[in-house]
Amino acid sequence: MTLRFILGRAGSGKTYYCLSEMARLLQEEQAGPLLFVLPEQATFIHERMLACDFTPHGYAGGEVTSFKRLAWQAARQAGEKTKPLLSEAARVLLMSRFLRQRQPELRLFGASHPGPGLAAALAQLAEELLAYAVAPERLAQAAVDHQGALAAKLQDLALLYGDYAAALAAYDNPYAGLTYLTRAIAEEGFLCDATVFVDGYSSFTPRELAVLQALMTQATRLEIALALDPQEAGSPALGQDIFAACRHSRDQLAGIARQVGVTVEPAIICDGAQGRFAGNAELAHLERYCYPLSGGPPWPQKPASLRVIAAASPRAEVEAAGREIRRLVREEGLRYREISVIARDLAPYEELLPQVFGGLDIPYFADSAKPLLYHPLIELMRAALEIWAGEAHYRQIFRYFKTGLTPLTLAETDVLENYCLAHGVRHWQWREQTDWQYWRGDSRDNEEVAERLAAINRLWR
């Protein structure tokens, strides 16, 4: 077994090396599992890159995966029973229950109302403690070693976290999965003689480090890519150093390798020749000298591919981006799928994108998590079940129609809703076998009124 680091700055070609090496090994039909481990949100795009750009004729025997997926595969291979999933909302409810049950014993949180805000914050904290394998007993011991409000807080957290961790064991969770994966690799021969590439991480949790340690003892080859400037690889990590986290991870992994007797091979240095900035020297210069406080040499000429635009508001920013996208498509021949808009925080712009990009007829996808609860199909199913279960209010009925998944258009739904509000139509009147004749003001003999009533009855029928 050998451990090797792949080092290079951002965009220097570390991912390119991993994918090209995987393609070479797939072509040679190397024995043993071949894995490319990434954060879960990055697996799809890299699997697509491997299939389209590096193995255009297809591949078999390699896999782009994540730690969580590997844990699921290990449990499936061992015949473990599938545990139920617990949603984020259910986790908050679980913590709320423990807050109510433990309220008489809580020294600090007992005085607070056990509302959803406190429960959500405590559930998030418990998830982080689980990810870093902190035992409840460790918090209880820390409470003994301190005094005052901190001791009370630690004692309360130990009680709530202990209840939460015990309850979560009955459900499918990634923390127990990583522990099982470690045992499956170290003791049961899972991923024996594998070749593993790891990319996309700047740091690892203790559970992930345990998985990597198990791989060091069982896999044939383990290569880990870290964003680290090779020229600064030997310097001590400073708090403000942009590479501090990756340098700490490298030192951790090298120390683990020494403990288990694994040889650390000389690192592979990526110089940017195959990186994403290889065709744009200006972006490479910006990446190289943007962060250091001391700065760097100025670009010797006017940049051709970089512009700085001052905008008065977030809307003006989005409008400037939209105009530039339209220009690139019309004049430069680019396609919409070849253009990305990257923001540090997408939240301030999410409400503006439909207004601005929609007005410019720019198709777009916003890469932000949206609650599944508000998906149109889920809303339709919830409203339908609520209508079926009892005496539905008009709100449930029109939630059903406003999903856009019914035969009525949104304009027709508005017409029908306005009529029901104006005339006080109740749920039992939707079950009537005769047409609605509710009208105020004009005579029912009026031809225009008759046409409107006929249109309303066509809609609700």
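The values are calculated or read from the model by the stated rules, or taken from the named source; none is laboratory data. Quick caveat, the model's predicted, so the values are computed rather than measured. Note that each Cβ is placed from the backbone with ideal geometry, even for glycine, and that neighbours are counted across all protein chains shown.
Taking first residues from the range 185-197 that are outside any loop (DSSP other than H, G, I, E, B) and partners that are of a type in the set (Gly, Ala, Ser) and modelled with pLDDT of 90 or more, the Cβ contacts under 6 Å between residues at least 6 apart in sequence or on separate chains come to Ile185/Ala214; Ala186/Ala214; Val196/Ala219. Reported count of residues in the range 9-33, each being more than 25 Å from the chain's Cα centre (by Cα), buried (at least 16 other Cβ atoms within 10 Å of the Cβ) and either assigned to a strand (DSSP E or B) or among the polar types (S, T, N, Q) (or both), is 1.
Here Arg337, Arg330 are screened, and the one residue that is within 25 Å of the chain's Cα centre (by Cα), modelled with pLDDT of 85 or more and over 30 Å from Ala90 (Cβ atoms) is Arg337. Residues in the range 34-54 that are surrounded by fewer than 17 Cβ atoms within 10 Å (Cβ to Cβ) and either touching a residue at least 24 places away in the same chain (Cβ under 8 Å) or of a type in the set (A, V, I, L, M) (or both): Pro39, Glu40, Ala42, Ile45, Met49, Ala51, Asp53. Glu412 passes every criterion in (1) outside any helix (DSSP H, G or I); (2) at pLDDT 70 or above; (3) more than 30 Å from Tyr349 (Cα to Cα) apart from (1). Just one of the numbered conditions (1) in contact (Cβ under 8 Å) with a residue 12 or more places away in the chain; (2) in the same structural domain as Trp436 (by TED's automatic domain parsing) is not true of Leu346; which one? Of the numbered conditions (1) in contact (Cβ under 8 Å) with a residue 12 or more places away in the chain; (2) in the same structural domain as Trp436 (by TED's automatic domain parsing), the odd one out for Leu346 is (2).
I need a count of the residues in the range 191-221 that are crowded, with 19+ Cβ neighbours inside 10 Å and small (Gly, Ala, Ser). Selection size over the range 191-221: 4. Assess whether Ile185 counts as being of a type in the set (A, V, I, L, M, F, W, C) and either at pLDDT 95 or above or not assigned by TED's automatic domain parsing to the domain that holds Phe243 (or both). Taking the combined requirement at face value, the residue does not satisfy it. Exactly one residue out of Ala310, Ala366 is under 30 Å from Ala90 (Cβ atoms), outside any helix (DSSP H, G or I) and out of contact with any Cys (no Cβ under 8 Å at 6 or more places or on another chain), and it is Ala366. For the range 74-86, give me each residue that is surrounded by fewer than 16 Cβ atoms within 10 Å (Cβ to Cβ) and in contact (Cβ under 8 Å) with a residue 12 or more places away in the chain. Gln77, Ala78, Glu80, Thr82, Lys83, Pro84, Leu85 - these are the residues of the range 74-86 that are surrounded by fewer than 16 Cβ atoms within 10 Å (Cβ to Cβ) and in contact (Cβ under 8 Å) with a residue 12 or more places away in the chain.
Of the residues Ala123, Ala60, Ala51, Ala152, the single one that is in the same structural domain as Thr182 (by TED's automatic domain parsing) and part of a helix (DSSP H, G or I) is Ala51.
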